[in-house]
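All remarks here apply to the structure that follows.
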Amino acid sequence: MELGQKLALLGRIEALYDAYAATLALACRRGCHSCCTRNVTLTTLEAYRLLEGLSPEVRGPLLARVDARAGASRFRPLITTNQLAELCLAGEEPPTEDADPAWGPCPLLTDAVCPVYPLRPFGCRSFVSGRNCGPIGCAEQTPLMVTVNTVFLQAIEHLDQAGCSGNFSDLLRVMAPAEARRAYRQGTLNCRSNGLIRNRPVRILMVPPEHHEPARPWVVQLQCLLRAAEPPGQP
(Lines give C-alpha, C1' and ligand atoms only; values in the text may rest on other atoms or scores of the structure.)
Protein backbone atom coordinates (compact mmCIF):
# COMPACT_ATOMS: atom_id res chain seq x y z
CA MET A 1 0.00 0.00 0.00
CA GLU A 2 1.30 3.43 -0.94
CA LEU A 3 1.98 6.00 1.77
CA GLY A 4 -0.86 8.24 0.62
CA GLN A 5 -3.29 5.36 0.98
CA LYS A 6 -1.99 4.59 4.47
CA LEU A 7 -2.47 8.20 5.50
CA ALA A 8 -6.00 8.18 4.14
CA LEU A 9 -6.76 4.95 6.00
CA LEU A 10 -5.27 6.40 9.20
CA GLY A 11 -7.76 9.24 8.87
CA ARG A 12 -10.62 6.77 8.50
CA ILE A 13 -9.49 4.85 11.59
CA GLU A 14 -9.39 8.09 13.58
CA ALA A 15 -12.83 9.08 12.31
CA LEU A 16 -14.15 5.72 13.48
CA TYR A 17 -12.62 6.31 16.91
CA ASP A 18 -14.16 9.78 17.06
CA ALA A 19 -17.53 8.15 16.38
CA TYR A 20 -16.89 5.78 19.28
CA ALA A 21 -15.79 8.62 21.59
CA ALA A 22 -18.99 10.50 20.72
CA THR A 23 -20.97 7.70 22.41
CA LEU A 24 -19.15 8.29 25.72
CA ALA A 25 -19.87 10.74 28.51
CA LEU A 26 -16.55 12.59 28.64
CA ALA A 27 -15.26 15.46 30.72
CA CYS A 28 -12.67 16.46 28.07
CA ARG A 29 -12.90 20.11 27.03
CA ARG A 30 -10.68 22.66 25.30
CA GLY A 31 -8.04 23.83 27.77
CA CYS A 32 -8.03 20.76 30.00
CA HIS A 33 -4.54 19.42 29.51
CA SER A 34 -3.55 17.27 32.47
CA CYS A 35 -3.16 14.31 30.07
CA CYS A 36 -0.82 16.25 27.78
CA THR A 37 2.41 14.83 29.18
CA ARG A 38 5.77 14.06 27.56
CA ASN A 39 4.97 10.33 27.78
CA VAL A 40 2.88 10.00 24.60
CA THR A 41 3.95 7.43 22.02
CA LEU A 42 3.19 7.27 18.31
CA THR A 43 4.09 5.55 15.06
CA THR A 44 6.27 6.81 12.25
CA LEU A 45 3.14 7.13 10.10
CA GLU A 46 1.61 9.55 12.59
CA ALA A 47 4.85 11.48 13.03
CA TYR A 48 5.24 11.76 9.26
CA ARG A 49 1.71 13.13 8.87
CA LEU A 50 2.24 15.64 11.66
CA LEU A 51 5.51 16.98 10.32
CA GLU A 52 4.39 17.09 6.70
CA GLY A 53 1.16 18.78 7.74
CA LEU A 54 2.94 21.80 9.22
CA SER A 55 4.36 24.67 7.24
CA PRO A 56 8.14 25.20 7.62
CA GLU A 57 7.41 28.45 9.48
CA VAL A 58 5.37 26.60 12.10
CA ARG A 59 7.35 23.36 12.11
CA GLY A 60 10.72 25.00 12.86
CA PRO A 61 9.80 26.74 16.15
CA LEU A 62 7.84 23.73 17.40
CA LEU A 63 10.75 21.37 16.75
CA ALA A 64 13.08 23.82 18.46
CA ARG A 65 10.94 23.46 21.59
CA VAL A 66 11.20 19.68 21.35
CA ASP A 67 14.99 19.92 20.96
CA ALA A 68 15.24 22.24 23.97
CA ARG A 69 13.66 19.55 26.17
CA ALA A 70 15.49 16.60 24.63
CA GLY A 71 17.21 15.70 27.90
CA ALA A 72 14.03 15.55 29.98
CA SER A 73 12.75 12.29 31.42
CA ARG A 74 10.02 10.69 29.31
CA PHE A 75 8.39 7.33 28.63
CA ARG A 76 10.47 5.41 26.11
CA PRO A 77 8.65 2.16 25.28
CA LEU A 78 10.54 -1.12 25.09
CA ILE A 79 7.82 -2.98 23.18
CA THR A 80 4.91 -2.04 20.93
CA THR A 81 1.25 -2.77 21.59
CA ASN A 82 1.26 -5.71 19.18
CA GLN A 83 4.40 -7.10 20.81
CA LEU A 84 2.59 -6.90 24.14
CA ALA A 85 -0.31 -8.85 22.65
CA GLU A 86 2.10 -11.54 21.43
CA LEU A 87 3.72 -11.80 24.87
CA CYS A 88 0.32 -12.15 26.53
CA LEU A 89 -0.65 -14.85 24.02
CA ALA A 90 2.56 -16.74 24.83
CA GLY A 91 2.01 -16.37 28.58
CA GLU A 92 5.19 -14.34 28.96
CA GLU A 93 5.70 -11.33 31.21
CA PRO A 94 6.23 -7.98 29.47
CA PRO A 95 9.24 -5.87 30.44
CA THR A 96 8.85 -3.31 33.21
CA GLU A 97 8.41 0.20 31.81
CA ASP A 98 8.30 3.50 33.69
CA ALA A 99 6.05 6.43 32.84
CA ASP A 100 5.51 9.19 35.37
CA PRO A 101 3.09 12.07 34.56
CA ALA A 102 5.20 14.21 36.91
CA TRP A 103 7.95 14.19 34.29
CA GLY A 104 6.20 17.17 32.80
CA PRO A 105 3.95 18.39 30.00
CA CYS A 106 4.22 17.83 26.28
CA PRO A 107 6.89 20.17 24.89
CA LEU A 108 4.42 21.47 22.29
CA LEU A 109 1.72 22.51 24.77
CA THR A 110 1.10 26.26 24.49
CA ASP A 111 -1.13 28.15 26.95
CA ALA A 112 -2.95 24.92 27.83
CA VAL A 113 -3.75 24.30 24.16
CA CYS A 114 -2.26 21.83 21.65
CA PRO A 115 -0.88 23.74 18.62
CA VAL A 116 -1.05 20.62 16.42
CA TYR A 117 -4.44 19.35 17.60
CA PRO A 118 -5.83 18.35 14.18
CA LEU A 119 -2.64 16.33 13.54
CA ARG A 120 -2.29 14.83 17.02
CA PRO A 121 -1.46 11.11 17.21
CA PHE A 122 -3.88 8.50 18.45
CA GLY A 123 -2.02 8.35 21.77
CA CYS A 124 -3.36 11.86 22.43
CA ARG A 125 -6.75 11.27 20.82
CA SER A 126 -7.44 8.31 23.09
CA PHE A 127 -6.59 10.17 26.32
CA VAL A 128 -10.25 10.60 27.16
CA SER A 129 -11.74 10.63 30.63
CA GLY A 130 -15.12 10.46 32.29
CA ARG A 131 -13.94 12.95 34.93
CA ASN A 132 -11.69 16.00 34.94
CA CYS A 133 -8.16 14.61 35.17
CA GLY A 134 -6.79 17.63 37.05
CA PRO A 135 -8.26 17.03 40.52
CA ILE A 136 -7.84 13.23 40.45
CA GLY A 137 -4.44 13.16 38.72
CA CYS A 138 -5.32 10.56 36.09
CA ALA A 139 -7.86 9.73 33.41
CA GLU A 140 -10.97 7.82 34.44
CA GLN A 141 -11.65 5.12 31.86
CA THR A 142 -13.79 2.02 32.10
CA PRO A 143 -12.16 -1.35 31.32
CA LEU A 144 -14.14 -1.43 28.06
CA MET A 145 -12.72 1.96 27.04
CA VAL A 146 -9.21 0.66 27.68
CA THR A 147 -9.92 -2.39 25.53
CA VAL A 148 -11.29 -0.34 22.63
CA ASN A 149 -8.35 2.08 22.83
CA THR A 150 -5.91 -0.83 22.79
CA VAL A 151 -7.51 -2.40 19.71
CA PHE A 152 -7.28 0.90 17.84
CA LEU A 153 -3.60 1.20 18.83
CA GLN A 154 -3.05 -2.31 17.47
CA ALA A 155 -4.75 -1.38 14.21
CA ILE A 156 -2.66 1.75 13.69
CA GLU A 157 0.55 -0.15 14.41
CA HIS A 158 -0.57 -2.84 11.94
CA LEU A 159 -1.16 -0.17 9.32
CA ASP A 160 2.40 1.08 9.87
CA GLN A 161 3.91 -2.38 10.35
CA ALA A 162 6.87 -1.52 8.12
CA GLY A 163 7.64 1.48 10.34
CA CYS A 164 8.59 2.18 13.94
CA SER A 165 7.15 3.41 17.23
CA GLY A 166 8.59 5.51 20.01
CA ASN A 167 8.17 8.47 22.30
CA PHE A 168 6.53 11.53 20.76
CA SER A 169 9.57 13.77 21.24
CA ASP A 170 12.05 11.12 20.11
CA LEU A 171 10.17 10.31 16.91
CA LEU A 172 9.67 13.96 15.98
CA ARG A 173 13.39 14.59 16.40
CA VAL A 174 14.30 11.51 14.34
CA MET A 175 11.95 12.45 11.52
CA ALA A 176 12.54 16.21 11.60
CA PRO A 177 15.16 16.15 8.78
CA ALA A 178 13.67 15.92 5.31
CA GLU A 179 16.11 13.06 4.55
CA ALA A 180 14.60 10.98 7.37
CA ARG A 181 11.08 11.49 6.03
CA ARG A 182 12.35 10.56 2.57
CA ALA A 183 13.89 7.39 4.02
CA TYR A 184 10.55 6.58 5.64
CA ARG A 185 8.74 7.03 2.33
CA GLN A 186 11.26 4.69 0.72
CA GLY A 187 11.04 2.14 3.54
CA THR A 188 14.68 2.54 4.56
CA LEU A 189 14.38 4.36 7.90
CA ASN A 190 16.41 2.37 10.43
CA CYS A 191 14.53 1.87 13.71
CA ARG A 192 17.25 0.38 15.88
CA SER A 193 19.94 2.93 15.04
CA ASN A 194 17.50 5.71 15.90
CA GLY A 195 16.49 4.25 19.27
CA LEU A 196 13.02 3.28 18.02
CA ILE A 197 11.20 -0.06 18.06
CA ARG A 198 9.99 -1.89 14.98
CA ASN A 199 6.23 -2.14 14.56
CA ARG A 200 4.50 -5.48 14.12
CA PRO A 201 1.37 -6.71 12.41
CA VAL A 202 -1.65 -7.78 14.44
CA ARG A 203 -1.44 -11.44 15.46
CA ILE A 204 -4.19 -11.36 18.07
CA LEU A 205 -6.51 -8.60 19.29
CA MET A 206 -6.37 -7.84 22.99
CA VAL A 207 -10.09 -8.21 23.71
CA PRO A 208 -10.98 -10.13 26.88
CA PRO A 209 -14.03 -12.43 26.74
CA GLU A 210 -16.24 -10.06 28.73
CA HIS A 211 -15.72 -7.35 26.09
CA HIS A 212 -16.33 -9.46 22.99
CA GLU A 213 -19.93 -8.36 22.55
CA PRO A 214 -19.80 -4.70 23.63
CA ALA A 215 -16.62 -4.07 21.60
CA ARG A 216 -17.79 -6.03 18.57
CA PRO A 217 -19.31 -3.12 16.55
CA TRP A 218 -16.04 -1.20 16.65
CA VAL A 219 -13.78 -4.21 16.22
CA VAL A 220 -15.69 -5.40 13.15
CA GLN A 221 -15.47 -1.97 11.52
CA LEU A 222 -11.77 -1.77 12.31
CA GLN A 223 -11.20 -5.19 10.79
CA CYS A 224 -12.95 -4.08 7.62
CA LEU A 225 -10.64 -1.07 7.41
CA LEU A 226 -7.55 -3.18 8.02
CA ARG A 227 -8.50 -5.56 5.23
CA ALA A 228 -8.09 -2.61 2.91
CA ALA A 229 -4.44 -2.46 4.00
CA GLU A 230 -3.72 -6.04 2.98
CA PRO A 231 -2.09 -6.85 -0.38
CA PRO A 232 -4.51 -8.23 -3.01
CA GLY A 233 -5.07 -11.97 -2.66
CA GLN A 234 -3.98 -12.11 0.98
CA PRO A 235 -6.61 -13.78 3.23
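The values are calculated or read from the model by the stated rules, or taken from the named source; none is laboratory data. From a predicted model like this one, the values you see are computed outputs, not experimental measurements. FYI the Cβ positions are ideal-geometry reconstructions off the backbone, even for glycines, and counts take in every protein chain you see. Accessible surface is based on the protein model in full, side chains and every heavy atom, while ligands, DNA and RNA are left aside. Shrake-Rupley method; radii C 1.70, N 1.55, O 1.52, S 1.80 Å.
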Surface share of carbon and sulfur [accessible, 1.4 angstrom probe, percent] for the chain: 55 percent
Hydrophobic long helices for the chain, i.e. whole DSSP H runs reaching 20 angstrom or more by Cα along the axis with Kyte-Doolittle mean at least -0.5, come out as 3-21, 143-159, 212-227
Which Rg and Dmax, in Å, describe the Cα atoms of segment 136-230? 16.1, 47
Can you pull the accessible area of D98 for me, 1.4 Å probe, Å² to the nearest 10? 110 Å²
What nm distance separates the two modelled labels at E57 and E213, each placed 7 Å from Cα along Cα→Cβ? 5.7 nm
Decide, for segment 42-118, between rounded, prolate and oblate: order the square roots of the alpha carbon gyration tensor eigenvalues as a ≥ b ≥ c, take rounded if a/c falls under 1.5, and otherwise choose prolate if a/b is larger than b/c, else oblate. prolate
Regression test value, accessible area per residue of segment 37-111, probe 1.4 Å, units Å², expected 50 Å²
Segment 13-68 - convex hull of alpha carbons, volume per residue in Å³: 135 Å³
Across the alpha-carbon set of segment 48-182, Rg over Rh with Rh taken as the Kirkwood radius works out to 0.96
Which is farthest toward the positive dipole end of the chain among L62, N82, G166, measuring Cα position about the Cα centre, with Cβ charges +1 (Lys, Arg) and -1 (Asp, Glu)? L62
To the nearest 10 Å², what's W103's accessible area with a 1.4 Å probe? 80 Å²
In nm, what is the difference between 0.36 nm times the number of residues separating A25 and N190 and their Cα-Cα distance? 55.3 nm
Have a look at P105, P56, P77 and tell me which one the Gaussian network model of the chain (Cα, springs below 10 Å) gives the largest fluctuation. P56
May I have the extent of the alpha carbons of the chain along their three principal axes, as whole Å values ordered from largest to smallest? 46, 46, 33
With an 8 Å Cα cut-off and a minimum separation of 6 or more residues, compute the relative contact order for the chain in percent. 33 percent
Per DSSP helix of 4 or more residues, -39500 (n - 2.57); summed, then divided by the residues of the chain. What does that give at 222 nm, rounded to the nearest 500? -14000 deg cm²/dmol
